[in-house]
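First up is the structure itself, then whatever we jot down about it.
The values are calculated or read from the model by the stated rules, or taken from the named source; none is laboratory data. What you are looking at is a predicted structure, and each value in this text was computed from that prediction instead of being measured. Don't worry about glycine lacking a Cβ; one is built from the backbone with ideal geometry, like all the others, and counts go over all protein chains shown. SASA here: full protein model, heavy atoms, side chains in, ligands and nucleic acids out. Shrake-Rupley method; radii C 1.70, N 1.55, O 1.52, S 1.80 Å.
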Amino acid sequence: MAEIILSLSDVTKIYGKGETEVIALKDIDLVFEQGEFAAVVGPSGSGKTTLLNIIGCLDSPTRGELSWRGAPMKSMNRTQLAAYRRTHVSFVFQSYNLIPVLTVAENVEMPLLIEGMHDRAAIRERALSIVEMVGLSDKANRYPTELSGGQEQRVAIARALVKKPSIVLADEPTANLDSHTAGEIIKLMREINEKTQTTFLFSTHDPRIMELAQRVITLRDGQIERDERGAP
Ligand code: ADP
Ligand code: MG
């Protein structure tokens, strides 16, 4: 068994109060091992985004506990939590969120600059190697507006990977893509997952994409309806 990196125990998220209260997640127990390739599925409003945001510390649970490599996040101070977000977790969004005035290579370099890396040559080299991994070497000096949606999402995946995170959280990364391109993007993530042992957790409601996952976690009304592991 691979190392357990992340665990959620009895995680509940309630938005609002009283009459307007919404239980977005209810008593979620989940464990993730390093190297997993898992999909979170479920209808709109079932809690997928809330779950990913809580795992990425963009949001905090109302009740319950998250642990990172056995350390309860509640016991971490702001600096430690910021370090967790900066070092271990990356996001990929449905709308790519690339910076339009930066080239592909510059977009991918961004997280390294934020991390405080100074060596320009090393930064460029690392970025270009990841750009190559997502199959866009010939587009390194192009701008996002010159790319297709699928290519933009490849850049976003490269940007997510450049700091070598433990886990990539992708919230409906293929929702704006046609089904063929969507399949290719998930296959690319799977390839990178196998090559680097980076853990991927992505949400989708496309049944064809679910089939490419190694584990499928089904949410319904904020609860886990099924958690199935298929072929590794
Ligand atoms: P999904 O991503 O599966 O569509 P979400 O996690 O976005 O589901 O939402 C789960 C539930 O929580 C929904 O009922 C949604 O309306 C509610 N919700 C999500 N974010 C907020 C918020 N910031 N304030 C109030 N309710 C929210
Ligand atoms: Mg969502």
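Odds and ends about this structure:
- Which numbered condition residue 174 misses (of (1) on the phi < 0 side of the Ramachandran plot; (2) away from ligand 2 (no atom under 16 Å from the Cβ)): (2)
- Scope region 1-26; condition open to solvent by 70 Å² or more (accessible area, probe 1.4 Å) and either closer than 14 Å to residue 225 by Cα or within 16 Å of ligand 2 (Cβ to nearest atom) (or both); matching residues: 15, 22, 23, 26
- Residue within region 45-52 that is in contact with a strand residue (DSSP E or B) (Cβ under 8 Å, 6 or more places away or on another chain), among the β-branched types (Val, Ile, Thr), at pLDDT 95 or above and over 22 Å from residue 159 (Cβ atoms) present: yes
- Elements of type strands (runs of 3 or more DSSP E) in region 166-232, at least 3 residues being surrounded by 21 or more Cβ atoms within 10 Å (Cβ to Cβ) and touching a Pro at 6+ places or on another chain (Cβ under 9 Å): 199-204
- Counted residues, region 30-41 - those being open to solvent by 10 Å² or more (accessible area, probe 1.4 Å) and either closer than 15 Å to residue 224 by Cβ or near ligand 2 (Cβ under 9 Å from one of its atoms) (or both): 1
- Every test in (1) under 29 Å from residue 68 (Cα atoms); (2) open to solvent by less than 10 Å² (accessible area, probe 1.4 Å); (3) out of contact with any strand residue (DSSP E or B) (no Cβ under 7 Å at 6 or more places or on another chain) is passed by residue 156 save one, and that test is (3).
- Filter pass, residue 206 being under 19 Å from residue 48 (Cα atoms) and modelled with pLDDT under 95: yes
- Tally, over region 66-91, of residues that are over 21 Å from residue 22 (Cβ atoms), away from ligand 2 (no atom under 16 Å from the Cβ), touching a residue at least 12 places away in the same chain (Cβ under 8 Å) and part of a strand (DSSP E or B): 4
- For region 43-61, the tally of residues that are over 16 Å from the mean Cα position of the chain (by Cα), under 17 Å from residue 202 (Cβ atoms) and open to solvent by 10 Å² or more (accessible area, probe 1.4 Å) stands at 2.
- Of the residues 25, 30, 98, the single one that is part of a loop (DSSP other than H, G, I, E, B) and either within 16 Å of ligand 1 (Cβ to nearest atom) or out of contact with any strand residue (DSSP E or B) (no Cβ under 8 Å at 6 or more places or on another chain) (or both) is 98.
- Any hit, region 146-156, residues being in a loop (DSSP other than H, G, I, E, B), hydroxyl-bearing (Ser, Thr, Tyr) and over 20 Å from residue 186 (Cα atoms): no
- First in region 167-186 and closer than 25 Å to residue 88 by Cα and touching a residue at least 60 places away in the same chain (Cβ under 8 Å), second anywhere and open to solvent by 50 Å² or more (accessible area, probe 1.4 Å) and not in a loop (DSSP other than H, G, I, E, B), Cβ under 9 Å, 6 or more apart: 170/93; 171/49; 171/93; 172/49; 172/93; 173/93
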